[in-house]
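Step one of this worksheet: look at the structure below.
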Amino acid sequence: MATLLGAVAASHTPTIGFALDSGKQADPVWAPIFEAFEPPRRWLAEQKPDALVVIYNDHISSFFLDHYSAFSLGVGEQYPVADEGGGTRGLPPIAGHPQLAAHIGQSVMADAFDLSFFQGRALDHGCFSPLSLLLPHQPGPGGGWPLPIIPLQVGVLQFPMPTARRCFELGKALRRAIESYPEPLRIAIVATGGLSHQVHGERAGFNNPAWDQTFLDLIEHDPERLADLTQAELVELGGAEGAEVIMWLVMRGALSASVRKVHQSYYLPSMTGIATAIYENRSHPPVAGEVQRHLHQSQLQLQGAERLAGTYPYTLARSVKALRINRFLHAMTQPAHRQAFLQDEETSYAATGLTDEESRLLRARDWRGLIHYGVIFFVLEKWGAVLGISNLHIYAAMRGQSLAEFQQTRNAPGALYSVGTLQGDDAAKAPAPPSSRSLARTPVHPTAPEQPS
């Protein structure tokens, strides 16, 4: 089973990244920042974790207001650096850990925390500002980082937002998830945000160093008191944006009730109280049947699904595997993309970087094989609309039947429908709908059906 080593907590102000990128290490104004990050950098190097769970918030860089989640877990293979208006920092993308992330997602959802999930989204200074000082890395496109991360984005910019108590309880669920992961990985948590600051309105520039010190004392010794604070109280004490310290409570909830503080620092150079801290667990590993009971609970919802032949629950593992081809098919909702496909199918495959297997499945119109590969049906029906193929054609092909044969299994055999009808130039370029005869020759996947994961 995985081991939770402890946690690093750090502010994530862009000041940190600016100081590094500008080479301010020897500048007396900026040097305390580098000094503050040296102990947690050294601790991570000594502990050698296999992965980091990074709790951060996005600053309207990759998560816009048209869809804003309370808790969103990164489950993808890689995360680039976000452009926040002035171009991207000279940092390489960082790898994810899809297997651990999927386990955390399933475990935490079973503990009644409703997450959203993301892949491939760029991460802004909320994540990369502290990471760039905490981890050694090679800058530039060919560079890299020493270990993968699982990013957990907390929506702390728009009310209603998660309460301090909810964040603390999420941390407890996160601990159960990590400690029940079946591989012997060493995991550390990095919590980002704060401390006191406000960056908007007439109160912009507000700081409260006295509260920052109290907060640092309570997060170590009495996090329960912090978890009971309301958001208005947190704003009053630490400023509107300083209320993002609830992300530290996710980290603290994941640790033992009693922790050993290895390091703590505090510096207020300008707008934000910059703090770093290291906490190590003092508790024993899981005892008796704790892990087995939790694993049973987290896997309960899909138990028995493997008996349903021809059924493939759409898991995070399938989503990560097929992200590229699902994006290609989802983009059929964009006129320019579907026109390019209709004009030159092969060029559109190459231009979007599809693998040979993915291109072959699409070229063959292998509907069943696409499902086995990990394509979700609801992009297949969009592609079917572009091809002039009804949903019924696709259903029949997945069952290995002709359209006529499938229609005989329906209460209304003559009903044909699709999610869309091409118009104008798109319609002129679309192929003619297939006949029942040609549908019967639609290829099916040659290998045995995949079982639900």
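The values are calculated or read from the model by the stated rules, or taken from the named source; none is laboratory data. Just so it is clear, the model here is predicted, and its values are computed rather than measured. Because the Cβ atoms are built from the backbone with ideal geometry, glycine has one as well, and the counts that use them run over all protein chains shown. These area figures cover heavy atoms from the full protein model, side chains too; ligands, DNA and RNA do not enter into them. Shrake-Rupley method; radii C 1.70, N 1.55, O 1.52, S 1.80 Å.
Taken per residue, the accessible surface of the chain reaches 45 Å², heavy atoms only and a 1.4 Å probe. Within a straight-line Cα-Cα reach of under 29 Å, LYS382 can be paired with the following lysines, leaving aside sequence neighbours fewer than 8 residues apart in one chain: LYS321, LYS429.
Evaluated at q = 0.14, 0.32 Å⁻¹, a Debye calculation over the C-alpha positions of segment 351-395 (equal weights, vacuum) places log10 I(q)/I(0) at -0.31, -1.30. Taking a straight Cα-Cα cut-off under 22 Å and skipping sequence neighbours fewer than 8 places away in the same chain, the lysines within cross-link reach of LYS48 are LYS261. Exposure here means at most 14 other Cβ atoms within 10 Å; with GluC sites (Glu not before Pro) in a DSSP loop as sites, the longest stretch of the chain lacking them is 203-449.
Value of Rg to Rh for segment 297-378, rounded to two decimals, is 1.06; Kirkwood radius and Rg both from alpha-carbon coordinates. Under 5 Å from the amide H of PHE206 lie the amide H atoms of GLN198, each residue being 5 or more positions distant or on a separate chain, with H modelled from the backbone and absent for Pro and chain starts. Backbone amide hydrogens, once placed in the peptide plane, bring PHE118 within less than 5 Å of LEU73, GLY74, VAL75, excluding anything fewer than 5 places away on its chain.
In the set (1) 177; (2) 140; (3) 130, which value of volume of the Cα convex hull per residue in Å³ was calculated from the structure you see? Checked against the structure: label (1). Charge dipole of the chain (Cα centre as origin; +1 on each Lys and Arg Cβ, -1 on each Asp and Glu Cβ, all else neutral): 1380 debye, rounded to the nearest 20.
Within the accessible area of the chain, the carbon and sulfur atoms contribute 53%, probe 1.4 Å, all protein chains present. Rolled with a 1.4 Å probe across the full set of protein chains, the surface gives ASP114 an accessible area near 120 Å². Convex hull volume of the C-alpha atoms in segment 182-222, normalised per residue: 123 Å³. Segment 1-53 gives an Rg/Rh value of 1.06, both radii derived from C-alpha positions and Rh following Kirkwood.
Here the simple spin-label model places points 7 Å from the Cα toward Cβ, and for GLU183 and ALA404 these points are separated by 5.2 nm. Taking amide H positions as modeled 1.01 Å from N, with prolines and chain starts lacking one, the residues under 5 Å from ILE149 and 5 or more places away or on another chain are LEU52, ALA95, GLY96, HIS97. The relative contact order of the chain comes to 18 percent, based on Cα pairs under 8 Å that sit 6 or more residues apart. Residues of segment 226-263 falling in the label zone of GLU46, defined by backbone nitrogen less than 20 Å from a point 7 Å along Cα to beta-carbon, are 256, 259-263. Positive contributions from Lys and Arg (+1) and negative ones from Asp and Glu (-1), summed over other residues with Cβ under 11 Å from the Cβ of SER196, come out at -4. In terms of accessible area, using a 1.4 Å probe and ignoring ligands and nucleic acids, VAL108, VAL262 rank largest first as VAL262, VAL108.
Taking all protein chains together and rolling a 1.4 Å probe, SER22 ends up with roughly 60 Å² accessible.
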